[in-house]
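Encoded as structure tokens, the structure appears first; notes follow it.
What follows draws every value from the coordinates through simple rules; no lab data is involved. Note that the structure is predicted; figures quoted are calculated from it, not measured. All Cβ positions, even for glycine, are placed from backbone atoms using ideal geometry, and neighbour counts span all protein chains on display.
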């Protein structure tokens, strides 16, 4: 009996490179025979602990200018839709709480991809509960129930603990992938993480 | 008549990922049929303009811990020798001035790779003029003459201007590659830069 290799996919809804990884990870992991566990978390508290009160792409202008050009280039190369959002970063707290409330992987990944498209293709405000409810509805998920559940102390605490877990395990950016305790940072390290999982799990 | 595609390879002797790129770029560019122009520069002034007085890998602990593990992993994968240096970052000013004084590409790349090995394989102090002279000597290059030339106002000014040019063109980290004005940041984007150069030059 062999165990299926697995990885944890940690993402933040405000993160541009997380959008790329979310769009690609299912096809790539299926091809590699690696199971994926989706892990929404919040970068804000992790950035704040480094003294950043805004995205480093806003704080460091040259780094930001590069990221926007890089996203444009990568989306063309990967055949992904892309529109530079008029607001960056958007507040992903509500979406992350709803994603935390969605235990079933299929529903979570469908919802997450819809939120990323809303932010980075449709340029919509992902902190708006009406939008989140509409996206849940489009996925055939019970919007009002999930929004209520997402507002519960149980889910708020679960997301806070998950973000604390991320920091404790050495995570400092998004997207990040863990294969056991081996960390891979960035959409561009997804293939390396999958190869690691296949070789060692 | 067609023009050979070309790229500029911008590197800093203190930079771990620049060591990787310097070790790989000649073989990769030869295979791709792309010419490489080596461009030593200094990251210090660029980091200082962002408010950093040390390497971000020292300032941001989790990012630093990841980088050291990542280097270890990547060097195994690429079959490159590696020893975590006991001092980081080392001052690459002298080596960058000598590299600036070496106009001929072959000599520059041989010297640069020797400096990177001294820093990241042999754990030696690359700011020591005696080491730099020994490395030049090993490459069959006139050490005393080059050290004198490297200390001239001409070379000091040339390196300062080059670093200013890097900042003006939007460069914010090392290694970086320019294909005309298209910027690629990081050793892991070398293949993308080569493909860009082939497709568009």
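Observations on the structure shown:
- In the stretch A:32-50, the residue that is surrounded by the most Cβ atoms within 10 Å (Cβ to Cβ) out of those that are part of a helix (DSSP H, G or I) and in contact with a helix residue (DSSP H, G or I) (Cβ under 6 Å, 6 or more places away or on another chain) is A:46.
- Of the helices (runs of 4 or more DSSP H) contained entirely in the stretch A:51-163, not one carries at least 2 residues that are within 14 Å of chain B (Cβ to nearest Cβ), touching a helix residue (DSSP H, G or I) at 6+ places or on another chain (Cβ under 7 Å) and surrounded by 20 or more Cβ atoms within 10 Å (Cβ to Cβ).
- Matching residues in the stretch B:5-31 - criterion: being in a helix (DSSP H, G or I) and either in contact with a strand residue (DSSP E or B) (Cβ under 8 Å, 6 or more places away or on another chain) or surrounded by fewer than 18 Cβ atoms within 10 Å (Cβ to Cβ) (or both): B:18, B:21, B:22, B:24, B:25, B:26, B:27, B:28, B:29, B:30, B:31
- Per-region count, the stretch B:164-185, residues more than 8 Å from chain A (Cβ to nearest Cβ), touching a residue at least 60 places away in the same chain (Cβ under 8 Å) and touching a helix residue (DSSP H, G or I) at 6+ places or on another chain (Cβ under 6 Å): 4
- Test: residue in the stretch A:171-192 that is buried (at least 20 other Cβ atoms within 10 Å of the Cβ), over 14 Å from residue A:9 (Cβ atoms) and touching a strand residue (DSSP E or B) at 6+ places or on another chain (Cβ under 8 Å): yes
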